[in-house]
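Here the structure is laid out as structure tokens; the discussion comes afterwards.
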Amino acid sequence: MLGDAIVYVELNVNRHGMESRDFALRPARPGEGEVLYQLAVLSARTFCGTHYASHFIDTWMAGLEHDAYEPGIAAGNLVVAESASEPVGFVEWNPGRIERLYVTQSGQGIGAALLRLGEQQASGEDRSPIELEAALNAVNFYERHGYIRLEPGVFGGRPPSLIPIPMMRMRKTLFCHPGESHDQR
Ligand SMILES: CC(C)(COP(=O)(O)OP(=O)(O)OC[C@H]1O[C@@H](n2cnc3c(N)ncnc32)[C@H](O)[C@@H]1OP(=O)(O)O)[C@@H](O)C(=O)NCCC(=O)NCCS
């Protein structure tokens, strides 16, 4: 489990050489699940509309309780990106899987930093492959980070009364830690 400390700090200079906002990654804190739930709702509303009609977005989190993230937080499997003391993204993982990744400030390297950390944790010492269910708006993002498309599907865990939300199953088969020369990126 990650300790209760800042685990990663990014002084972000984007590929155009412009400095953007600093952010830090830290373990999520018990009781923070509600805030992260609202962050996920905002993120989906802000960024998923490019690939989903509003009737998908409006029910994006339906079937998920507001405290649904607390078990992941308690297990130490959830890390938050923070900027100016406010959460601006988070990643949740389990062994071999990235479960959730959401940011509220796009294009600043926050998603990539969260994904890298989540991958390190999910892949573990044996560097097992990583699978995830990608929102359709994020498929290209994951491809840029070494994932390949497996098959289309729908997100699980939704009440049958709600419209199924399409997604893409993806896998990263050759996982290398940052800084290693044979990363797939
Ligand atoms: C997908 C998401 C996590 C990306 O996070 P982000 O912080 O905007 O991404 P970053 O700024 O770290 O981008 C890293 C790189 O990926 C690229 N990128 C980001 N989003 C992209 C997208 N949707 N498609 C293609 N490339 C993308 C960036 O241009 C950047 O490229 P560069 O390294 O060449 O500059 C974010 O848009 C998001 O939260 N979306 C809504 C929720 C969601 O879809 N979650 C994931 C699936 S469940």
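The values are calculated or read from the model by the stated rules, or taken from the named source; none is laboratory data. On a predicted model such as this, the values are computed, not experimentally measured, just so you know. Cβ sites come from the backbone with ideal geometry, for glycine too, and all protein chains shown count toward neighbours.
Observations
- Positions within the range 85-108 being within 9 Å of the ligand (Cβ to nearest atom), assigned to a loop (DSSP other than H, G, I, E, B) and at pLDDT 95 or above, in sequence order: Thr104
- Within the range 52-67, one or more residues are under 20 Å from Met170 (Cα atoms) and modelled with pLDDT of 95 or more.
- Contacts under 9 angstrom Cβ, first residue in the range 123-140 being closer than 14 Å to Arg171 by Cα, partner in a helix (DSSP H, G or I) and aromatic (Phe, Trp, Tyr), 6 or more apart: Leu132/Tyr142; Ala134/Phe141; Ala134/Tyr142; Ala135/Phe47; Ala138/Phe47
- Scan of the range 124-162 for residues that are assigned to a loop (DSSP other than H, G, I, E, B) and buried (at least 16 other Cβ atoms within 10 Å of the Cβ), ordered by number: His145, Gly146, Tyr147, Arg158
- One residue alone among Ala112, Ala81, Ala62 is touching a residue at least 24 places away in the same chain (Cβ under 8 Å) and in a helix (DSSP H, G or I), and that residue is Ala112.
- Residue in the range 24-59 that is surrounded by the most Cβ atoms within 10 Å (Cβ to Cβ), counting only those that are within 9 Å of the ligand (Cβ to nearest atom) and of a type in the set (S, T, N, Q): Ser43
- Of the criteria (1) free of Cβ contacts under 8 Å to residues at least 60 places away in the same chain; (2) hydrophobic (A, V, I, L, M, F, W, C); (3) in contact with a strand residue (DSSP E or B) (Cβ under 8 Å, 6 or more places away or on another chain), which one Ala53 fails: (3)
- Of all residues in the range 163-182 being surrounded by 14 or more Cβ atoms within 10 Å (Cβ to Cβ) and at pLDDT below 90, the one that is farthest from His55 (Cα to Cα): Cys176
- Subset of the range 137-162 [modelled with pLDDT under 95 and either more than 15 Å from the ligand (Cβ to nearest atom) or of a type in the set (S, T, N, Q) (or both)]: Pro159, Pro160, Ser161, Leu162
- Test: residue in the range 115-123 that is away from the ligand (no atom under 14 Å from the Cβ) and on the phi > 0 side of the Ramachandran plot: no
- Filter pass, Ile73 being touching a helix residue (DSSP H, G or I) at 6+ places or on another chain (Cβ under 7 Å), among the β-branched types (Val, Ile, Thr) and in a helix (DSSP H, G or I): yes
- Unmet requirement for Ala112, which otherwise passes all of (1) in contact with a Phe, Trp or Tyr (Cβ under 6 Å, 6 or more places away or on another chain); (2) within 12 Å of the ligand (Cβ to nearest atom); (3) over 17 Å from Ala75 (Cα atoms): (1)
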